[in-house]
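Q: Handing you a structure now.
What follows is calculated from the coordinates using simple rules that are stated; it is not laboratory data. Since the structure is predicted, the reported quantities are computational estimates derived from the model, not experimental observations. Positions of Cβ are backbone-derived with ideal geometry, glycine not excepted, and every protein chain shown enters the neighbour counts.
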C-alpha cells in the first residue's frame, strides 16, 4: 500500500513536467496549427535561465591579496562575489540560495521575448507550409538553440540547487499512519507539483474567464469566422505563442534543481511530450494535461519491482505501449477533436 | 499528375550542370603496395583521435582531446616533455616517432557505435591514420576496436570500463590502459569493509545495458565475498532522466547501502535524486545509510555538485596521487604541470589515460623500430613500464589489459574548487585487482592474431 | 528503354554515371592540398552516401507519394542489420544471403507494424510508428541483449559457426570471394582515387533501387498513392479501399530500409541498437524533406548532404583551420579561426541546424528546387516551364498543408 502511494506521488510529479510541456505544445498546435519541434529546446532554455541567474549572482573578481597556492604551486587569488560586496554577506548569500525561485521572475520576460521573436521572425512564415517543412525548420532551430547553449555552457550538466530550506524531504508516511521512512518525498518535488498545478490552472482560467481567452478559444475552433468578425486573431495567437514558450520555460526553471540542466535535456523530453500530446488528443488542452499525468503515473508504476518481475523491461516501453493501446482504441487520443492533424 | 514530370526534367538539368562542373581528367596510374595498412611514407605519421564531441560526453571528449594534443606536442619535442621525462622507457627522443613528425586528425564519435566507426573509417581510409585512440564509452570502444582489427591498425582504447573490452570482445590489435569493472569492485570491496563494516545490505540500481551488468555482477561478487548481502538489484532504462521512481522504494526496503551502477548523465541524475530523497541523512538498521558509485568520473561529478560529498567510488588515476601517495606515482606531477600550464586546470582521468596510451603506442613503435601493427603488438604485449602516473604497470599479453593500482576516492565535504571534488581514500595495489585471463567474467572471446591489414 | 520514357531514362543514366564515377567526382582536390579535407571519395563515406540514399528513396515512396509521415523507419533499418549480421554469423560471410534475409525480415516487420499503424492517419500514424520504433530500440538495448548484444552491438567473431563456409573462406563479408573491403587505389599526379568492391556493390544495388522507385512513381500504383495523398476521403467515398495500397507502399519502403540495413552490415559487420533510435528515424525524414519530398532525386541528395556534414565537417579542428589560413598575417589568421571555430569540428551540428533552416526557408521544395532554380538561371528558355513547375509545387504544398 505504501509503495503504491509512493509511486502515485512519483507519477504526479513526473506527470506535472510532462503536462506542462505538453500544454504549451498543444497551445501552439491548437492556435497556430504548427508542429513545434523546438518546444523541448524552450524547456531547456528555461532551465538555463536558472543557471544563468545563478551565474550572474556568482560573478566575481579576484581578491587583491593571494591566499595560499593553487595546484601548480602558483599564488592563488580567492574569488570575491560582487553580490556579497554590494548587498552584504547575508543578503548576498540569501540571493544566491534563492536563485532558482528568483529565476522565475527573470525567465518570464526572456521566454516571452523568445516566443515573440520566434513566432514573428520564423514561425509566421510557415503557417501555410506543409507540416513537414514546419518540422524541418523547428528541428533546425532546436539544434541551433541547443548548440548555442552548449557553446556557452559546455556539455556537462550544471548543478543548480534548490534553496536550502527546500532541500530535505517530507515524511508523508507518519502523517498517514505508516512507519517512518515508508513514504518520504522531497520538498522541492512537492513544490514542483504545486507549481505546475498553479500554472495549468492559470492557463485554463485565462482562456476560460477572460475576453482575450474567449477569442482565442473561438479562434482555435474556427479561425476564419473569427477573422471575418473583424478580430485580429493573428496578434492574439502571437501572444499565445509567447505564453506557450513561457509555460515551457517555467517548467524548465523549476525543473533545474530536480535534475542538473544540460544542453540536450530538451531533446530528451521532445519525443515524450509529443507522445503525451497525441495521446491526449490533438488540439485538446485538457487532453494534454490528462495524458501527461496518466503517462507519468503509469511510468512510475511500471518501474516497481513487483511489476518488473512479472514483465521484465516493461518500464522501458510502458509509455509507448500505452500510446499504442490508446491510439488504437480511441482514434483521436483521449480527447482529440476530429480533423486536427489527421491528414 | 503532370508536375512530377516537370520536376523530373528540372532534375535532369540539375544533374547535367553538376556533372559538367565536376568533370575531371581520368588518366590513371597503378597504385603502390606496402606491407601493412597506412604505412607512413613521408616524414610524418598520422594518428587518429576519435572522441565524443557532441552528445552528453562532449566535455569528456574535449578533455581527452586536450591530452592528445599535449602528447603529440611532447612527442614532437615541443613543450616541457611532460611524462616523457619520468617514463621508464627512454626510447622516445622528442623527435616524433622514429624521426617522423607526429600529426593527428580528430573525429566525433557522438557516443554511437555507428558514428564512431564511420569516423574511424574516414581516419583510416582518407587520412591514413595508423593508430586510433579515444572514446568515452564501452559500446564505442568495442565497436571501434573491432573495426581496427579488421582494418589492420592499432586501437589504443580511451575511457572504457566494461569487462568486455578486454574480455569477451578483446582483439589482438586493441589495447586498454584504463581499468575495468572487475578491478573497481576488487579495489572497492576491502575499503568499503573498512569504512562501513562487514554486515551491510545492498540495494543496487543498474543501468540496463552491458556495461551496467558487468559492473553490477562484479560489485555483487566482491561485496558478497566479504559478507555483505544483496537484497535487490533493479535495472533502470538508459534513457531515464528522472530516477525518482527507482529511488523512492529504497529506504523502505531494509537496505542500508545503495550502489549506483550508473555512468555519466545517468550517474549525475540518479545520485542527485538519491540525495534529494534524503537517503544520506537517514539511519537504517541502526547504521548510517551510504551510497556507493563504483566508477567515478570527476568531470561528470561536477554535474552532481555538492551531492557527491562523502560518496565512495573508484578511479583509474587522480591528479593528486603523487602529492598524497608519494613517489610510486611519479609522472603524475609532471603531467599535471604541463597540462595545467597549458589549459589552466588539472587533467581528468580520461585525459591521463589518453595521454598515456599515446605515449605507450609511440614508445612501442620506437622500441620495435617499426610501424607494423604486428611489431607494435609484440612490443606492447607483456610490457612492464613505470613513470606514467599509475606506478609500475603491466600490459598483459593474454588480454591486452593494463594492470596497475586502483584509486579509491570519496567526494569531499567542502571542495575548494570545481576541480578538486574528491579525496583519495586509499590506493589498492595491483596484485589485489589482478585476475586470471580465463576468469569467468572475461571468458568467451579470444584475441586472435594481429592483423597488419593490406 | 527499360520500360522508361526518354526523360526518366535520361535521369537514370545521369544518376548511374554520377554514381559509378563517384570515387573520382568526390575527390576533386589533390590528396596533399589543404582542401583535401573536403574530399569525400573514400569507400566508407561513399558507401554511406548510397546506402542512406537507398533508405531515403524507400522512405520517399511512402512519404513522398502517400503523405504518410513515418517516424519509425529506423526500426526496419535496424532489424535488417541484425538479420544480416546473424546470417553472417550462422550461415556464411557471403553477403547475398545476409542481404536477402534482411529484406525479408524487414518486410515481415513492416507488414505487422504497417498493418496496425495504418489504422490511423496524420500525426496519430506518426506517433504509432514512433512508438513501435522506440520500443524496438529500448528492448534491443536492454532486454533483448542475447539477440542484439545490446550496447556493444552485434559483431562477427572468430568462433561463429558459419556452416556454409569452408575452412579457407574469407573472414570478412564478401561476394563469392571478393571481399567488401578490398579496393584498388589509383594515383593520378597528386590525386588519389580508391575504387572498392563494397562501394560498387552498394552503387549497383542503389541504381536498381532507384530504377524500381522510378517505376513505382510512374505506375498506376504510384498514381493511386498520390491520389491517397491528395484526398483519401474522396478515394474512400468512391468505394475504393485505399488500405492495401498504403500498406503496400509501407512494406515496400520498409523493405528498402531493411535492404539499407543489410548493406550497412555487409560493408561493416556490426549492428548497433542506436540505428533504431528515434533520432535515426528523424534523420531519414530530414534527408527526404531536405532533398525534396516527392521528387525522385531529392532523397538521395538529402542523404548525401547530411552524411557529408556529419563526416567531413566534424573532422575540421583548429589545427586544420590554422593550416588553411597560415598564409595570412597572424592576427588575421587567428581572427578567422576564431570566427569559423564554432561552426566546424565539435560545432558541426550547429552548421547542420542552420543549413536546415536556410534550406527550408529559402528553398521550400528542398535541394532539388535549389538545383532547378540554379539551372533556370543558365537556361532562359526554361523560364516558362519554371513557372508551371512553381505552380505545381505550390499546388503540392497546399494539398500537404490542408
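Q: What ranking do C:69, A:105 get, fewest neighbouring Cβ atoms within 10 angstrom at the top?
A: Least crowded to most crowded, the residues run A:105, C:69.
Q: What is the packing order of peptides B:169-175, C:255-261, A:116-122, taking the mean over residues of other C-beta atoms within 10 Å and listing the highest first?
A: On the way: B:169-175: 26.0, C:255-261: 31.1, A:116-122: 15.9.
Top to bottom by mean Cβ count within 10 Å: C:255-261, B:169-175, A:116-122.
Q: Average the reciprocal distances over every distinct pair of alpha-carbons in the stretch C:96-235, invert the result, and give the Kirkwood radius in Å.
A: 19.8 Å
Q: Specify the inter-centroid distance of the stretch A:138-162 and the stretch C:351-370, based on alpha-carbon positions, in whole Å.
A: 23 Å
Q: Against the longest principal axis of chain A, how steep is helix A:99-121, in degrees 0 to 90 to the nearest 10, with axes from Cα atoms?
A: On a 0 to 90 degree scale, this one is about 40.
Q: Now a separate question. Pull up the DSSP beta bridges for the protein assembly as shown and report the antiparallel fraction as a percent, rounded to 5.
A: Of the beta bridges lying entirely in the protein assembly as shown, close to 50 percent run antiparallel.
Q: Short version: what are the Cα gyration tensor semi-axes of the stretch A:17-101, square root of 5 times each eigenvalue, largest first, in whole Å?
A: The answer is 42, 16, 9 Å, longest axis first.
Q: What is the fewest-to-most order of A:321, C:285 by other Cβ atoms lying within 10 Å of their Cβ? Could the numbers behind the result be given before it?
A: Details: A:321 16, C:285 24.
So the ranking, lowest neighbour count to highest, is A:321, C:285.
Q: Something else now. Sort C:207-213, B:314-320, C:73-79 by packing, meaning the average of other beta carbons within 10 Å per residue, with the highest value first.
A: In decreasing order of mean packing, C:207-213, B:314-320, C:73-79 become C:73-79, B:314-320, C:207-213.
Q: What angle, in degrees between 0 and 90 and rounded to the nearest 10, separates the Cα long axis of helix A:187-209 from the longest principal axis of the Cα atoms of chain A?
A: Relative to chain A, helix A:187-209 is tipped by roughly 40 degrees.
Q: Express as a percent, rounded to the nearest 5, the fraction of DSSP beta bridges in the stretch B:182-315 (both residues included) that run antiparallel. If you can, show how the numbers build up before the last one.
A: Working: 2 of 19 bridges.
If I count the DSSP bridges inside the stretch B:182-315, around 10 percent turn out antiparallel.
Q: Picking from A:280, A:230, A:313, which is most flexible by a Gaussian network model of chain A using Cα springs under 10 Å?
A: Result for chain A, Cα springs under 10 Å: A:230 fluctuates most.
Q: Tell me the Rg and the Dmax, in Å, that the Cα atoms of chain A produce.
A: That works out to 22.4, 76 Å for Rg and Dmax.
Q: Taking Rh as the Kirkwood radius, which is the inverse of the mean 1/r over Cα pairs, what is the Rg/Rh value for the stretch B:218-296?
A: Looking at the stretch B:218-296, the ratio lands at 0.94.
Q: Using only atoms on other chains, find how many Cβ atoms lie within 10 Å of each Cβ of peptide B:122-131 and report the average.
A: Values: counts 10, 3, 2, 10, 16, 5, 2, 0, 0, 0.
Neighbouring Cβ atoms belonging to other protein chains average 5 per residue here.
Q: Please compute P(r) over all alpha-carbon pairs of the stretch B:182-315, binned at 10 Å starting from zero, and give each bin as a whole-number percent.
A: With 10 Å bins starting at 0, P(r) equals 13, 50, 35, 2.
Q: Across 20 Å bins from the origin, how do the percents of Cα pairs in the protein assembly as shown run, short distances first?
A: Per 20 Å bin, starting at 0, the Cα pair percentages come out as 11, 41, 37, 10, 0.
Q: Same structure, new question: What translational D, rounded to a whole number of µm²/s, comes out for the stretch A:101-152 from Stokes-Einstein when the hydrodynamic radius is the Kirkwood one over Cα pairs, at 37 °C and 0.692 mPa s?
A: On the way: Rh = 12.5 Å.
The diffusion coefficient I find is 262 µm²/s.
Q: Something else: Output the Cα-based Rg and Dmax of the stretch A:117-263 in Å, rounding Rg to one decimal and Dmax to a whole number.
A: Taking only Cα atoms of the stretch A:117-263, I get Rg and Dmax of 20.9, 64 Å.
Q: Please compute the Kirkwood hydrodynamic radius of the stretch B:73-132 from all pairs of different C-alpha atoms, in Å with one decimal.
A: Taking the inverse mean of 1/r over all distinct Cα pairs, the stretch B:73-132 comes out at 13.4 Å.
Q: Right, here's the next one. Scale the Cα Rg of the stretch B:143-247 by the rule-of-thumb value 2.2 N^0.38 Å and send over the ratio, two decimals. Can you show the working numbers first?
A: Numbers: Rg = 16.5 Å, N = 105, 2.2 N^0.38 = 12.9 Å.
In units of the globular-protein estimate, the stretch B:143-247 measures up at 1.28.
Q: Using the alpha-carbon atoms, what tilt in degrees (0 to 90, nearest 10) does helix A:211-221 show relative to the longest principal axis of chain A?
A: For A:211-221 against chain A, the angle is about 60 degrees.
Q: What's the exposure ranking of B:119, C:182, A:67, going from fewest to most Cβ atoms within 10 Å?
A: Sorted ascending by nearby Cβ count, the order is A:67, C:182, B:119.
Q: Can you give the direction-averaged projected area of the convex hull of the alpha-carbon atoms in chain B, in nm²?
A: The Cα convex hull of chain B, projected and averaged over all directions, gives 26.9 nm².
Q: Note down, for the stretch C:270-330, the three equivalent ellipsoid semi-axes (square root of 5 times each alpha carbon gyration tensor eigenvalue), biggest first, whole angstrom. Walk me through the numbers before you get to the answer.
A: Values: eigenvalues 208, 61, 12 Å².
After diagonalising the Cα gyration tensor, the semi-axes are 32, 17, 8 Å.
Q: Taking the stretch C:6-278 as the region of interest, what is the percent of Cα-Cα pairs per 10 angstrom bin, listed from the shortest bin to the one with the maximum distance?
A: 7, 26, 30, 24, 11, 2, 0
Q: Compute the distance from the alpha-carbon center of the stretch A:34-74 to that of the stretch A:289-328, in whole Å.
A: Rounded to whole Å, the Cα centres lie 36 Å apart.
Q: Could you work out which residue, out of A:57, A:206, A:269, moves most in a Gaussian network model of chain A, that is, has the largest mean-square fluctuation with Cα springs under 10 Å?
A: Ranking A:57, A:206, A:269 by mean-square fluctuation puts A:206 first.
Q: Ok, one more. Restricting things to alpha carbons, find the Rg to Rh ratio for the stretch C:3-44 using the Kirkwood radius for Rh.
A: 1.22
Q: Moving to a separate point now. So what does log10 I(q)/I(0) come out to for the stretch B:301-404 at q = 0.11, 0.17, 0.22 Å⁻¹, using the Debye formula with one equal point on every Cα and no solvent?
A: -0.42, -0.88, -1.19
Q: Build a GNM of chain A with springs between Cα atoms under 10 Å: which of A:252, A:11, A:73 gets the top mean-square fluctuation?
A: In the Gaussian network model the winner is A:73.
Q: Using the per-residue mean of other Cβ atoms lying within 10 Å as a proxy for protection, in what order, highest first, do the peptides C:295-304, C:112-121 fall?
A: Numbers: C:295-304: 28.2, C:112-121: 19.5.
Per-residue mean Cβ counts within 10 Å order the peptides as C:295-304, C:112-121.
Q: Sticking with this one: Could you work out [θ]222 nm for the protein assembly as shown from helices alone, using -39500 (n - 2.57) per DSSP H run of at least four and dividing by all its residues? Round to the nearest 500 deg cm²/dmol.
A: Values: 46 runs with 671 residues, N = 1199.
Helix contribution divided over all residues of the protein assembly as shown: -18000 deg cm²/dmol.
Q: May I pose another question? Where both partners of a DSSP beta bridge lie in chain B, what percent of those bridges are antiparallel, to the nearest 5?
A: So the antiparallel bridges in chain B amount to around 35 percent.
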